[in-house]
1. Restricting to DSSP loop positions (anything but H, G, I, E, B) with no more than 16 other Cβ atoms inside 10 Å of their own Cβ, which trypsin sites (Lys or Arg not before Pro) remain in the stretch A:134-201?
2. Taking other Cβ within 10 Å of each residue's Cβ, how do B:Val142, A:Val153, B:Val83 sort, fewest first?
3. Any chance you could list P(r) for chain B, counting all Cα-Cα pairs in 5 angstrom bins from zero, rounded to whole %?
4. Which one, B:Ala12, B:Leu91, B:Leu75, projects farthest toward the positive side of the charge dipole computed for the stretch B:4-266 from Cβ point charges (K/R +1, D/E -1)?
5. For the stretch B:174-188 and the stretch A:41-79, compute the distance between their C-alpha centroids and round to whole Å.
6. Could you give me the ³J(HN,Hα) list for the stretch B:29-39, computed from phi with Karplus coefficients 6.51, -1.76, 1.60 and θ = phi - 60°, whole Hz, x at Gly and Pro?
7. Based only on other Cβ atoms within 10 Å, what is the fewest-to-most ordering of A:Asp138, A:Asp93, A:Asp192, B:Asp82?
Amino acid sequence: MHYLVEPGFLGSPSVRTALIVGTVVAVTSGVIGVFTVIRGQSFAGHSLSDVATTGGAGAFLAGIDQFWGFLVMGAAAALLMEGIGVQRRRGRDVATGVVLGGALGLAALFLYLGTLKTASTGASFTILFGSIFVVSPDTVPAVVAAGLIALAVIALLARPLLLTALSPDIARTRGVPVRAVGIAYLMALAVDVSLSAVAIGAVLSTALLIGPAATALRLVKSPVKAMAVAAAAGLAATWIGVLLAYDSYYWPPHGHGWPVSFFVVALVLAGYLATYARRPRRLLPRSPHEEAAECSPA
Amino acid sequence: MFTGLMANTWIAASVVAVIAGMTGYFAVLRGQTFAAHAIPNGAFAGAAGASLIGVNVIVGLAVVAVAGALGIGALGSKARHDVITALTLVLMLGLGAVFVSMSTQYAQETYSLLFGQVTGVSQGEVAPIAGLGLAAALAIGVAFRPLMLTSALPEVAEARGVSTRKVDLYFLLVMAVATSMTVPVVGALLMFSLMIGPAAAARSVTARPGVALALSVAIALAITWLSIALFYRTNWPLGFFVGTGGALFYLVGLGARRLAVPRSLTRS
């Protein structure tokens, strides 16, 4: 057993915190990720996590816990993207991109001011790439609560969300408030992204959001089953990632751990690529016309 | 402000702005905003890896950027484009995290790779940047018609025997080349701001391709020059001015259009 789990793994309090946070993040990301993939909003998901970087840097500057910075900035960006015009598929990408560009500029400023204020330069690395082992135990209740809220919102909105994703027109004729559903969904996404930004870092939270969900949607047809599979896959990747990162302190180069984020990303990608070995079964077959429609001018 | 190292900065940044304005216009037109974000951002891994093993940073950037473009282009046609782009990006970033964590001098290095180090342009770096810039501009100029056709009328392009897939891949590779020269100057994250902001602003004002392309380049140049001047005065990071400047121009363009065109027409 010691070959697999290095001594002291489960006894370490930081590992316990890491596993709790990792579990919450993996399950929330898996469930929300399925909708993100079905709705074709991977870019929005990724942008929200990058925008969260800005919040993290701002929080670092203000001296409060990063998690709150991630959360506030993510929610603000989600509103802004929706406001500029996220409804149309093409306008959406540009609106997302513009918000992202502006936010990255702010992140640069905050990080610069932050390094002026304190001598520590490692902050930008932690904010960008995360470090699940240094999550403060005080943040854990907030993380769990935020994850549960995001999951509850998604559970309440599951049906209208799926309907608006598959056919906005039918949803509209049935009286579904498409825009409000979209905003609520982006908010849940922002919360989830801030959670994973804490765990595996802002720039890599996309891996947990998109990877397991895309894998699950290649394996099973029903969205509900896909959510379960995605959550399980994300959970496996996070746990094994935490375990490997803990073990990696004993790997070469000696006395230097590998980042958890790397293991999580690598495992998630390996899972996705493994699905290519199977005969592909897609939830939504992509027709050439759909592609073409996306490329034509609005 | 225009002497010594700053002169190199002005030249290099202007080349970067022109290329970003051009490639950005097509990226917005073709709906490849996400790829435009993913390639420079992911190429950061190449720079981190190169500096870890002691190779020229531009070589590392070029290798990873081209690999990323090929990955997105090759796998993107098999599954959903945005999912593949996202996964390619995180793969590159994950590698970048490992390289950065292994390197001993990470923090400052990471910061300047992500957010740019425009004042650090040396005399010897100006020539390769200008050369790569010219190559990227030529590559777009040569393929201007097929790029335009596949962006605007993909069906017509297919009917005329122009492969949308091949043009897609070609454009991704051009972006990769443009990226490898611009990342050391403006940084991985802000290359994207410089590509999307001006192009989106230009397209919100005019629909005519030639005018919009020229306008996009002009706005990119204006933002860059303004940013360098402000950076010189305040010593705040260049990325801040570039990023917020791009977003600001877009909002101005959007506002101008809302005023000029009745709301019902903008929805088309």
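1. On the way: sites: A:Arg172, A:Arg174, A:Arg179; in loops: A:Arg174.
In loop regions of the stretch A:134-201 (DSSP not H, G, I, E or B), the sparsely surrounded trypsin sites (Lys or Arg not before Pro) are A:Arg174.
2. On the way: B:Val142 11, A:Val153 19, B:Val83 24.
Ranked by crowding around the Cβ, least crowded first: B:Val142, A:Val153, B:Val83.
3. Histogramming chain B at 5 Å steps yields 1, 6, 13, 17, 18, 17, 13, 8, 4, 2, 1, 0 percent.
4. Final value for the positive-end residue is B:Leu75.
5. One Cα centre to the other: 25 Å.
6. Using θ = phi - 60°, the values come out as 4, 8, x, 10, 4, 5, 5, 5, 7, 5, 5 Hz.
7. Result, fewest neighbours first: A:Asp138, B:Asp82, A:Asp93, A:Asp192.
No value in this document is a laboratory result; all are computed from the given coordinates. Since the structure is predicted, the reported quantities are computational estimates derived from the model, not experimental observations. Neighbour counts are summed over all protein chains in view; Cβ atoms, including those assigned to glycine, are modelled from backbone coordinates with ideal geometry.
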